[in-house]
1. Based on what the data block shows, is TYR229 among the hydroxyl-bearing types (Ser, Thr, Tyr), crowded, with 16+ Cβ neighbours inside 10 Å and under 19 Å from the mean Cα position of the chain (by Cα)?
2. From the residues in region 24-36 that are outside any loop (DSSP other than H, G, I, E, B) and closer than 20 Å to ASN102 by Cα, which one is farthest from the ligand (Cβ to nearest atom)?
3. So if I check each of ILE180, ILE192, which one is closer than 30 Å to ALA123 by Cα, hydrophobic (A, V, I, L, M, F, W, C) and touching a helix residue (DSSP H, G or I) at 6+ places or on another chain (Cβ under 6 Å)?
4. Look at region 37-65 and say how many of its residues are within 8 Å of the ligand (Cβ to nearest atom), surrounded by 14 or more Cβ atoms within 10 Å (Cβ to Cβ) and outside any loop (DSSP other than H, G, I, E, B).
5. Would you check which residues across region 175-225 are among the acidic types (Asp, Glu) and surrounded by 15 or more Cβ atoms within 10 Å (Cβ to Cβ) and list them?
6. Give all pairs with beta carbons closer than 7 Å in which a residue from region 51-70 that is more than 19 Å from PRO138 (Cα to Cα) and in contact (Cβ under 8 Å) with a residue 24 or more places away in the chain meets a residue that is within 10 Å of the ligand (Cβ to nearest atom) and part of a helix (DSSP H, G or I); count only pairs at least 6 apart in sequence or on separate chains.
7. Go through (1) farther than 23 Å from ASN18 by Cα; (2) under 18 Å from the mean Cα position of the chain (by Cα) and name the single condition SER126 misses.
8. Which ranges mark the strands (runs of 3 or more DSSP E) fully within region 100-197 that have 3 or more residues being within 16 Å of the ligand (Cβ to nearest atom)?
Amino acid sequence: MSSVILEIKGPVAVITLNRPEKLNAFNREMALLLQSILEECKNESIRCIYLTGMGKAFSAGQDLAEVTDPDGPGMAKILSEHYNPLITLIRSLEKPVVAAVNGVAAGAGANLALCCDLVVAAASASFIQAFSKIGLVPDSGGTFFLPRLIGFQKASALMMLGEKVNADEAAQMGMIYKVIDDKNFAEASMAIAEYLASMPTQGLSYTKQLLNDTFDSSLSKQLKKEDMYQQKAALTADFKEGVEAFTNRRAPVFTGR
Ligand code: LHQ
C-alpha cells in the first residue's frame with residue numbers, strides 16, 4: 001500500500017498520508033512521494049489540494065526509527081531533501097492547499113499543516129511542537145509560521161514546553177482557521193476545498209503570492225505588489241465572468257483562467 005494516496009476528485013486533489021500504524025510519521029520514501037505528488041498537482045486541471053491523514057493521526061512528524069537507522073538517510077538529508085522542499089513546494093503552488101487535520105499533528109507533521117493556506121481541524125485533533133522533548137529545534141518552517149500566526153510569546157512557550165494544544169485552543173489563538181466536529185469533519189472540510197476549487201484560481205494564487213511576500217515586505221513595497229497583481233487579476237477571464245455575473249444577477253461560473 002502506498003504511503004501517500006492521491007485521488008483526483010474533479011478539480012480537487014485529495015492527498016492522504018498513509019502510514020496509519022506509525023501515525024503517518026514521515027520516512028524518506030513518504031516525503032519524496034509527497035513531493036512528487038505535489039509536483040503532479042501543478043497541473044492546471046487541479047484547482048485546490050486537500051491534505052489529510054489516514055486513521056487517527058494527521059502526522060506524528062519524522063519517523064524517529066529512521067533517524068537512528070544506520071541505513072537511513074541521515075540527519076543531513078532529512079531537512080534539506082525531505083521537509084524544506086515540501087514546505088517550499090506548498091507555499092509556491094499556485095492554488096490553495098487545505099490541511100484537514102483529522103487527528104494529532106506533531107513535530108514536522110504539525111508544521112507541515114501550519115504552512116498550508118487554510119488549516120481546519122477535527123474537534124479531537126491536536127497540535128504538538130514535539131521537538132524540544134527530544135532535544136531538537138522546531139523545523140519545517142515552524143519558527144517562521146508559528147510566531148506570525150499566534151505571536152512571539154505563545155510560539156516561544158509552545159516550542160519550548162512542547163505542550164499539546166487541542167483544536168479549540170489552536171483556533172482561539174489563531175493557529176488554525178476553524179474547528180469542525182468529528183462527525184462532520186470529512187464532509188465539511190472537503191466542502192471548503194470544493195468551494196475553493198470553484199473560485200477564481202488565478203486570483204487566489206496572486207493572493208497567496210501577496211501573503212507569501214508580506215512577511216518580509218514594507219507597506220510601500222506591498223502596495224506596489226498589490227497594484228501589480230491586481231493588474232494581472234483584472235486580465236483574467238474569471239474577473240470578466242465575476243463582474244458580468246454580478247451585473248446580471250446570476251451565479252458566476254469560474255474556470256480558473
Ligand atoms: C511513531 C512516531 C514517530 C515513529 C508515533 N516515529 N513512530 C527533523 C530533522 C531530523 C530528525 C528528526 O525530526 C525532524 C522533524 C520532526 O518531526 S521531530 C519530531 C518527531 N515527532 C515526535 O517526536 C512525536 C513522537 N510521537 C509522539 O509524541 C506521540 O506518538 C503522539 C503524541 C504523536 C501520539 O501519542 P499517542 O496517541 O499516545 O500514540 P503512541 O505514542 O502510542 O504512538 C502510536 C504508534 O505510533 C506507536 O507505535 P507502536 O508500534 O508502539 O504502536 C509509536 O511508536 C508510533 N509513532 N510517533 N514520530
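Laboratory data are not the source of any read-out in this text; all were calculated from the coordinates shown. Remember, predicted model here, so these are calculated numbers, not experimental data. Virtual Cβ from ideal backbone geometry, glycine too; neighbours counted across all protein chains shown.
1. Criteria not met by TYR229.
2. Here the residue is LEU34.
3. Answer to the selection: ILE180.
4. Final tally of qualifying residues: 3.
5. The one that is among the acidic types (Asp, Glu) and surrounded by 15 or more Cβ atoms within 10 Å (Cβ to Cβ): GLU194.
6. That search, which allows pairs on different chains as well, returns MET54/PRO20; GLY55/PRO20.
7. (1)
8. 104-106, 126-128, 164-166
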